[in-house]
1. Identify the residue in region 11-68 that is more than 21 Å from residue 93 (Cα to Cα), modelled with pLDDT of 80 or more and polar (S, T, N, Q) and, among all such residues, is surrounded by the most Cβ atoms within 10 Å (Cβ to Cβ).
2. Among what's in region 73-120 and is part of a loop (DSSP other than H, G, I, E, B) and of a type in the set (A, V, I, L, M, F, W, C), pick the residue that is surrounded by the fewest Cβ atoms within 10 Å (Cβ to Cβ).
3. Could you list, in sequence order, all residues of region 96-143 that are acidic (Asp, Glu) and touching a residue at least 40 places away in the same chain (Cβ under 8 Å)?
Amino acid sequence: MVAHARYVALAGDPTTPAHEADIQIRTRINDVRVLGSNADYAGEIEAQAIVRVTDRNNSASDQATTIDFPLPLTVQCIPTASTSIGSDCSVTTTFDTLVPGAINERQRTVFQIGETRVMDGGLDGDTATEPNTIFLRQGFFVP
């Protein structure tokens, strides 16, 4: 199994009226299987990163910092045709899609993205229902 979450800053163009600044989020986890049976997992998973935002987008001209909050990203896992490789779970989205209006062009913003963990969908494969358990935590494995 290999898993990653990648955050890419997308610069806006301050000379246009369009709102183009954003953060692209790409998540991929491959070879995901059901514990016990080793079958391909066909449910949802939820990647959760702890985020803190400091920006100048407030009523005063001073900067403001949010309290830490979880940024949930639900990902559907798709079984593969292979019997030797588990499901593939991937999605590409943006921060503004998940939290509309969070990034404003021409307003300096600093994002602190903490530990990312991944929850399974529990017995029903649905991350919106409980109980779900953590099955991945951010880190490196060196054999």
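The values are calculated or read from the model by the stated rules, or taken from the named source; none is laboratory data. Since we're looking at a predicted model, the values are computed, not measured. Neighbour counts run over all protein chains shown; Cβ positions are idealised from the backbone, glycine included.
1. The qualifying residue surrounded by the most Cβ atoms within 10 Å (Cβ to Cβ) is 54.
2. The qualifying residue surrounded by the fewest Cβ atoms within 10 Å (Cβ to Cβ) is 81.
3. 96, 105, 115, 120, 124, 126
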